[in-house]
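Shown next, in structure tokens, is the structure this report addresses.
The values are calculated or read from the model by the stated rules, or taken from the named source; none is laboratory data. Just so you know, these numbers come straight off a predicted model, no measurement behind them. Note that we place each Cβ from the backbone using ideal geometry, even for glycine, and neighbour counts take in every protein chain shown. For accessibility, only protein heavy atoms count, side chains too; no ligands or nucleic acids. Shrake-Rupley method; radii C 1.70, N 1.55, O 1.52, S 1.80 Å.
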Amino acid sequence: MGLGRPQAWLLGLPTAVVYGSLALFISVLHNVFLLYYVDTFVSVYKINKAAFWVGETVFLLWNSLNDPLFGWLSDRQFLSSQPRLGTGLSSRAVVLARVRALGWHGPLLALSFLAFWVPWAPAGLQFLLCLCLYDGFLTLVDLHHHALLADLALSAHDRTHLNFYCSLFSAAGSLSVFASYAFWDKEDFSSFRVFCVALAAGSGLGFVGATRLLKRRVEAAGRDPGYPALAVDGSLCGEEPLAGGEEAGSITLGQYLRQLAHHRNFLWFVGMDLVQVFHCHFNSNFFPLFLEHLLSDHISLSMGSFLLGISYVAPHLNNLYFLPLCRRWGVYTVVRGLFLLKLGLSLLMLLAGPDRPGLLCLFIASNRVFTEGTCKLLTLVVTDLVDEDLVLNHRKQAASALLFGMVALVTKPGQTFAPLLGTWLLCFYTGHDLFHQPPLTPVGSAQPWPEPPAPPPAQAPTLRQGCFYLLVLVPITCALLQLFTWSQFTLHGRRLHMVKAQRQNLSRAQTLDVKTV
């Protein structure tokens, strides 16, 4: 019996669209989580301060360690040198394993998301368990989703094609932030719970549908090489394992870490990315503060809310423009251009001073959008590092998830450094301590940022000036550090082509002759 029309239409979707749709099912949940989980426990469940900080501390440790832990558990079997011909896993088996993992972990992520919005335990205990469960499943989903980017395509052109659809669907998923404002009410939480149930149901079902579709396409391509559009560039390999070294050798975690310590481009990249993660979270943490102290006299409350909301969507839309540039000029050149743009705009703002509200508004918004957009482009660089790691260490398969996990391990401390260093610098320069002031307007209330205490007239210019210098000097410093570290990164141009050619040669014997529509 032939396929029904809906099934046939779904099976005809390009792989890039199906892969990108997974980003939608992550984004619809995660943006709502980031915006409301703290306010829910503080204002609705009334968690006490000690329990809140214990939960956040445990979460900080778990959040830093689970990326390499899950990456190691997922990919440790790929770390040995290449096995004898006729043994080991095929690339198709690796992709199927990642797709099956997404099919299980995606719905579990949706269930763990639901656990935040219904009280089922003492607030402190629920806060700790919900954070760890949600972040654990989010890490598993992110690792396998990012690893598929490296496993489904080899060429930079095709990886940017996949990433283009990720940005498109992530932008669509970010619209859940705007929809959530219609349901958020701390006094009557029932409508917001129904909204979250709808989001979780849509996300969970979406994961099941998309992963089943990907699985069928992988299996069908194995049976019929003429099956349409499985891999982006034909890089998804067949049933035969990679041919290579004579012996299969196991590798310990210590040996793997020593290999990474000698991977020069990996070290320069994580140094640059640590600064990038710091800058991204610095912008997120201090975005409301900059609006309040630099622009509150010039923009309305609704305009502030709009800027806060659009900052979630704009980076994804921005990447729809930058990804075609990456195809043409290469990711390295585009990222370097964004660093130069960040430096140039910051110097221009420093020279213009804090009394140009229009320019300030544009700079605050563009600084956040371009910085977040750069973070999303760097995923493509990690996939290139996966290729280089495979070639340098003669692995039998690319350890994609593990390398993404190791990058996260080194760079996630930037999330913690951002608020700590930012508040210290502000206090050092102005004497204004953000942790010692009268009660603030609750998060998630009608005001999108806290209402600061009214300082004495003589102190007001100092605080405003401190915010301005923090706003412009942090991106200048970050840009200079990143331009230096990025100049030491050599995985581009001729070397990148050489690495990709070597990986393509390793997998040529098992390559399927398929193309993306």
For this session: Give just the number: which of (1) touching a Leu at 6+ places or on another chain (Cβ under 8 Å); (2) part of a helix (DSSP H, G or I); (3) hydrophobic (A, V, I, L, M, F, W, C); (4) within 30 Å of Ala182 (Cβ to Cβ) does Ala314 not satisfy?
Result: (1)
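Surrounded by fewer than 18 Cβ atoms within 10 Å (Cβ to Cβ) and at pLDDT 85 or above: does that describe Trp9?
no
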Seminar exercise, completed: Across region 155-171, the tally of residues that are under 12 Å from Cys326 (Cβ atoms), open to solvent by 10 Å² or more (accessible area, probe 1.4 Å) and modelled with pLDDT of 85 or more stands at 3
Exercise. Could you list, in sequence order, the residues of region 266-286 that are within 12 Å of Gly422 (Cα to Cα) and under 19 Å from the mean Cα position of the chain (by Cα)?
Worked result: Phe278, His279, His281, Phe282, Asn283, Ser284, Asn285
Problem set entry | Boolean, Pro357 is under 22 Å from Phe286 (Cα atoms) and in contact (Cβ under 8 Å) with a residue 40 or more places away in the chain | yes
Seminar exercise, completed: Exactly one of Leu307, Leu320 is farther than 25 Å from Leu162 by Cα, outside any loop (DSSP other than H, G, I, E, B) and in contact (Cβ under 8 Å) with a residue 40 or more places away in the chain, and that residue is Leu307
Seminar exercise, completed: When Gln397 is run through (1) assigned to a helix (DSSP H, G or I); (2) under 29 Å from Trp62 (Cβ atoms); (3) polar (S, T, N, Q), the failure sits at (1)
Seminar exercise, completed: Exactly one of Arg356, Arg327 is basic (Lys, Arg) and over 30 Å from Thr462 (Cβ atoms), and that one is Arg327
Problem set entry | Yes/no for Tyr312 being in contact with a His (Cβ under 6 Å, 6 or more places away or on another chain) and open to solvent by less than 60 Å² (accessible area, probe 1.4 Å) | no
Exercise. Going by the conditions given, is Ala408 in the same structural domain as Phe468 (by the TED database), farther than 24 Å from Thr333 by Cβ and crowded, with 19+ Cβ neighbours inside 10 Å?
Worked result: yes
Exercise. So Ser366 clears everything in (1) hydroxyl-bearing (Ser, Thr, Tyr); (2) in contact (Cβ under 8 Å) with a residue 40 or more places away in the chain; (3) surrounded by fewer than 21 Cβ atoms within 10 Å (Cβ to Cβ) except one condition, right? Which one?
Worked result: (2)
For this session: Being charged (D, E, K, R), over 15 Å from Ser400 (Cα atoms) and assigned to a helix (DSSP H, G or I) narrows it down to one of Asp135, Asp142, so name that one.
Result: Asp135
Seminar exercise, completed: Within region 109-121, residues touching a residue at least 60 places away in the same chain (Cβ under 8 Å) and part of a loop (DSSP other than H, G, I, E, B) come out as Phe116, Trp117, Val118, Pro119
